[in-house]
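The values are calculated or read from the model by the stated rules, or taken from the named source; none is laboratory data. Keep in mind the model is a prediction, meaning the values are calculated, not measured. Here the Cβ positions follow ideal geometry from the backbone for every residue, glycine too, while neighbour counts run over all protein chains shown.
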Amino acid sequence: MEHNVFWLISPNGCNMDHYWNPSMSGTLTDSGIFLKILESLFDISRSMPSAFVMISCNFGSAKDVTSELHDIDGVEQVLIVSGIYDIIVRITVQNKDDLDRLLLRVRRMDEIQSTLTLIITQSQ
């Protein structure tokens with residue numbers, strides 16, 4: 001089984017895995033570091049709205065949640081990860097309304113505690 005592991009490093013060299021918390025989300029998304037890392041892990045198509053959704057779920061429920069996520073139209077890829085979030089999902093849909101509906105559906109799943117959505121605005 002292949003595992004993709006990456007470390008988030010801040011501009012001052014600190015390991016973000018140990019120092020980052022949800023209240024610091026502006027640091028990662030404003031600098032674009034986190035989005036660039038995610039884009040490098042996924043094959044991004046810019047023709048339709050896309051987003052990454054980081055999901056925290058109830059302890060021990062990640063496999064059940066991923067199975068449920070795979071059945072949703074628009075979910076392109078689902079990864080179980082370790083750290084602050086349990087799952088990273090890549091979503092690609094036809095339009096913004098579909099994106100809103102899909103995100104609402106994901107957020108309403110029983111085992112999900114919280115989400116952080118990164119809408120892809122451009123890819124280089």
Collect the residues in segment 85-98 that are surrounded by 14 or more Cβ atoms within 10 Å (Cβ to Cβ) and assigned to a loop (DSSP other than H, G, I, E, B), keeping them in residue-number order. Y85, D86, V93
Expected single match for surrounded by 18 or more Cβ atoms within 10 Å (Cβ to Cβ), at pLDDT 50 or above and part of a strand (DSSP E or B) among F52, F34 is F52
